[in-house]
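Have a look at the structure below before the remarks.
What follows draws every value from the coordinates through simple rules; no lab data is involved. Not measured: the values here are computed from a predicted model. In this analysis, Cβ positions are derived from the backbone assuming ideal geometry, glycine residues included, and neighbour counts consider all displayed protein chains.
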Amino acid sequence: MIVQINKSLKKLNTFGIDQKAERLIWAHSAEEILNYVSHHGAPSLVLGGGSNMLLTQDISGDVLKVDIHGREVVFEDDDQVHIRFGAGENWHEIVLWTLNQGLGGLENLSLIPGNCGTAPVQNIGAYGVELKDCFVSCEGVQIDEKRFFELDLEGCEFGYRDSIFKNDWKGKAIITRITLRLTKRNHILRLDYGAIKDELAAKGVAEPTPKAISDAVVAIRKQKLPDPAEIGNSGSFFKNPVVTEELAHALKEKHPDIPTYPVDGGSKIAAGWLIEKAGWKGFKDGDVGVHKNQALVLVNYADATGAEVLALAHSIINSVQEKFGIQLQAEVNLI
Ligand code: EPU
């Protein structure tokens, strides 16, 4: 383990917020993490890729940075392969690495910021696919019990941007490795998401491979979403709210173009549309703003503080509540 004192976390969170850790501890193996929690209990914060969080204050105590690497085949037959990845592997790098070997499964999840270890926490998803669709299991450390655990697909209780790690096990587990199932042939291509079909057609791709789909997803995301290397952000700041069928119906009557998607127990509404219609798209105040191409993404143009981003989020929540009677909820973790 490497320990750094009073260290800025600006480069370790994609929002680029300059808060400090009293101690920043780099863990390179599951054993180091078990050893840490056995002696110290829970750290103040566990840090993965830092891509789904908003730091609103300095962190007193220890920030444990999970920096575990490794890519290992653990099962293989003619059709599929299961690969185990260290939690600290960058998500998009492993997506490209699998695609370059002709493996299918992760193509729709291209260019999602963050690391492997945080992917199960919020069941990352994009373009009609979620992590759970190729998930086999994950391993890690249970903090209170001071022991290793392994959870399979069912055990993780995945939902829309949700899992056991956001509920019963919140703050109680540190993921160290994940195992994913990838296809070697008979790939299951998911093209239902309109923009993917349009992008492939525009490129003249008639029989898409997983790699071609990934290229299309990368092109779409680059048009719509800011690159955290250039403009600080955490992807979608809010969840798409699920409302009752009645409310969705009433909204549709009033706003015929509102995008809604049927889900269990109601309708999912596009939060980006609500925020845009409330007048926020492209808004900028000092270093904080709402992205000009995707209203669901809040941005830090240079040196915004977490408190400034949070204040903007609250203004947006209030104005969407006033205009549409819908309460938006943050998708990013507020620290
Ligand atoms: N829309 C607007 N204005 C906007 C943004 C969106 O009107 O500023 C409308 C679009 O026209 C579209 C609908 O909202 O009809 C949905 O937009 P989009 O397809 O861009 O998807 P999203 O619901 O805004 C979700 C995920 C993204 C994921 C995309 C693609 C959530 C909270 N976000 O966004 O995930 O990449 O779908 O599948 O579920 C992330 O989690 O960080 C993330 C980027």
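In this structure the amide hydrogen of Gly232, modeled in the peptide plane, comes within under 5 Å of the amide hydrogens of Asn300, none closer than 5 places in sequence on its chain.
The alpha-carbon of Lys203 sits under 12 angstrom from the alpha-carbons of these aspartates and glutamates, leaving out residues fewer than 8 places away in its chain: Asp215. Neighbours of Asp144 by Cβ distance under 14 Å: Lys/Arg scored +1, Asp/Glu scored -1, total +2. Between Ala202 and Lys10, the FRET efficiency estimated from the beta carbon spacing at R0 = 35 angstrom works out to 0.40.
Rounded, prolate or oblate: which one fits the chain, using the alpha carbon gyration tensor with axes a ≥ b ≥ c (rounded when a/c is under 1.5, else prolate when a/b beats b/c, else oblate)? Oblate is the answer for the chain, as a/c is 1.5 or above yet b/c matches or exceeds a/b. Other residues whose C-beta falls under 10 angstrom from the C-beta of Gly86 contribute a net charge of 0, scoring Lys and Arg +1 and Asp and Glu -1. Separation of segment 98-154 and segment 201-251, taken as the distance between their Cα centroids, equals 19 angstrom.
Suppose R0 equals 25 Å. What FRET efficiency, 1/(1 + (r/R0)^6) with r the Cβ-Cβ distance, do Glu276 and Glu245 give to the nearest 0.05? So, using R0 = 25 Å, E works out to roughly 0.60.
Within the chain, the whole DSSP H helices whose Cα atoms reach 24 Å or more along their own axis and whose mean Kyte-Doolittle score is at least 0.0 are 306-324. Apply 1/(1 + (r/R0)^6) to the Cβ-Cβ distance of Lys170 and Lys292, taking R0 = 41 Å, and write down the FRET efficiency to the nearest 0.05. That pair, Lys170 with Lys292, gives E of 0.75. Ignoring aspartates and glutamates fewer than eight residues from Lys166 along the same chain, the ones with Cα atoms less than 13 angstrom from its Cα are Glu157, Glu331. Please give me the summed charge of the neighbours of Asn13: other residues whose Cβ is under 14 Å from its Cβ, Lys and Arg +1, Asp and Glu -1. Result for the local shell: +2. Our note on the geometry: Cα centres of segment 1-80 and segment 287-305, 25 Å apart. Summary value for the chain: 17 percent relative contact order, contacts being C-alpha pairs under 8 angstrom separated by 6+ residues. Structure note, pairs Lys7/Lys284; Lys11/Lys239; Lys65/Lys292; Lys65/Lys172; Lys172/Lys239: Cα-Cα distances above 21 angstrom occur for Lys7/Lys284; Lys11/Lys239; Lys65/Lys292; Lys172/Lys239.
Let me check against my output: what whole-number percent is the relative contact order of segment 39-125, with C-alpha pairs under 8 Å and at least 6 apart? 27 percent.
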